[in-house]
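Derivation of every value follows stated rules applied to the coordinates shown; laboratory data play no part. Nothing here was measured: the structure is a model prediction, and the numbers come from that model. All Cβ positions, glycine included, derive from the backbone under ideal geometry; neighbour counts span all protein chains shown.
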Amino acid sequence: MDSGFYAALTGLIARMDALELLANNLANVSTTGYKAQHEFYRALAAAQANVALNPINRAANDYSVLGGATLDLRPGSIQPTANDLDIALDGSGFIVVKTKNGLRYTRNGSLHLSPEGILMSSQNDPVLSEPETPKDMQTPIQVPSGKIAIGPDGTVSVNGALVAKMRLVDFANPALLTLEGETYYVAAKGVVPRPASNPRVRQGALESSNFDPVAGTVDLMVLQRHAQLLQHALFTFHNDFNQAAAQTLPAVS
């Protein structure tokens, strides 16, 4: 009975965590450059590690819990905007920005200029240029007044004159990135990005979220149904079984 109770409890907790993750995906369905997150599960053994279990006991005492979330890095659709400061990355890669907490990586190409002419992200953080020397690793792009053009390789020109080249990077294992906020990503400690090998920047366009709201709505209904069934199972274990035990034990004694 305890195994069933714990299995239902851990299952319910996992479904509630998954619902929270799915709700975040649905909330960001209109967020530029957003990459969906998908849950994955791991087994939690209820028995101690030094206790030998036969296959039946092992199956009864291994519970599924949410192990975390993985990023879905499939590209979103690219929508034209006719705004010269909007860019979309057609393919892999990330824009590098400098925040108060360090370097962050984003696919959100909704850019703008600060009053000082610094190219800024949608979160008002400076967009960094490709470094010419190791001392230039965190140099923001400053744009003079004039007609701005951003080339397919990330070069920024004004009135035909080259100003800078955007720092575009990629990761050998993007799964080591963690979402921060809506569209910023943090690299795991010790993970060093590499220059994007073949960046394809499209000016005057933005990448939409890659989350499918229709499939997400279906998943939401399925998760809610699972949660309801597990809640009912917990109620049964806690009330009906305990009531039967309370009535039977005095009769046996």
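The table below gives the values:
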item: Cα→Cβ-extended label distance, 7 Å offset, between LEU21 and VAL222, nm; result: 1.3
item: Relative pair counts by distance (%), Cα atoms of segment 78-206, 5 Å bins; result: 2, 11, 21, 26, 22, 12, 4, 1, 0
item: Neighbour-limited loop hits for trypsin sites (Lys or Arg not before Pro), segment 64-131 (at most 16 other Cβ within 10 Å; DSSP other than H, G, I, E, B); result: LYS100
item: Counted charge near ALA227, where neighbours are those whose Cβ lies closer than 12 Å (Asp, Glu -1; Lys, Arg +1); result: 0
item: Burial ordering of PHE235, PHE171, PHE211, fewest other beta-carbon atoms within 10 Å first; result: PHE235, PHE171, PHE211
item: Surrounding net charge for GLY204, when Lys and Arg each add one and Asp and Glu each subtract one, Cβ distance under 13 Å; result: -2
item: Sequence of VAL201, VAL192 once ranked by neighbouring C-beta atoms within 10 Å, starting from the fewest; result: VAL192, VAL201
item: Neighbour-count ranking [beta-carbon atoms within 10 angstrom, fewest first] of THR31, THR178; result: THR178, THR31
item: Within-12-Å neighbourhood charge of VAL163 [Cβ basis; K, R +1; D, E -1]; result: +1
item: Distance between segment 69-116 and segment 180-207 - C-alpha centres, whole angstrom; result: 7
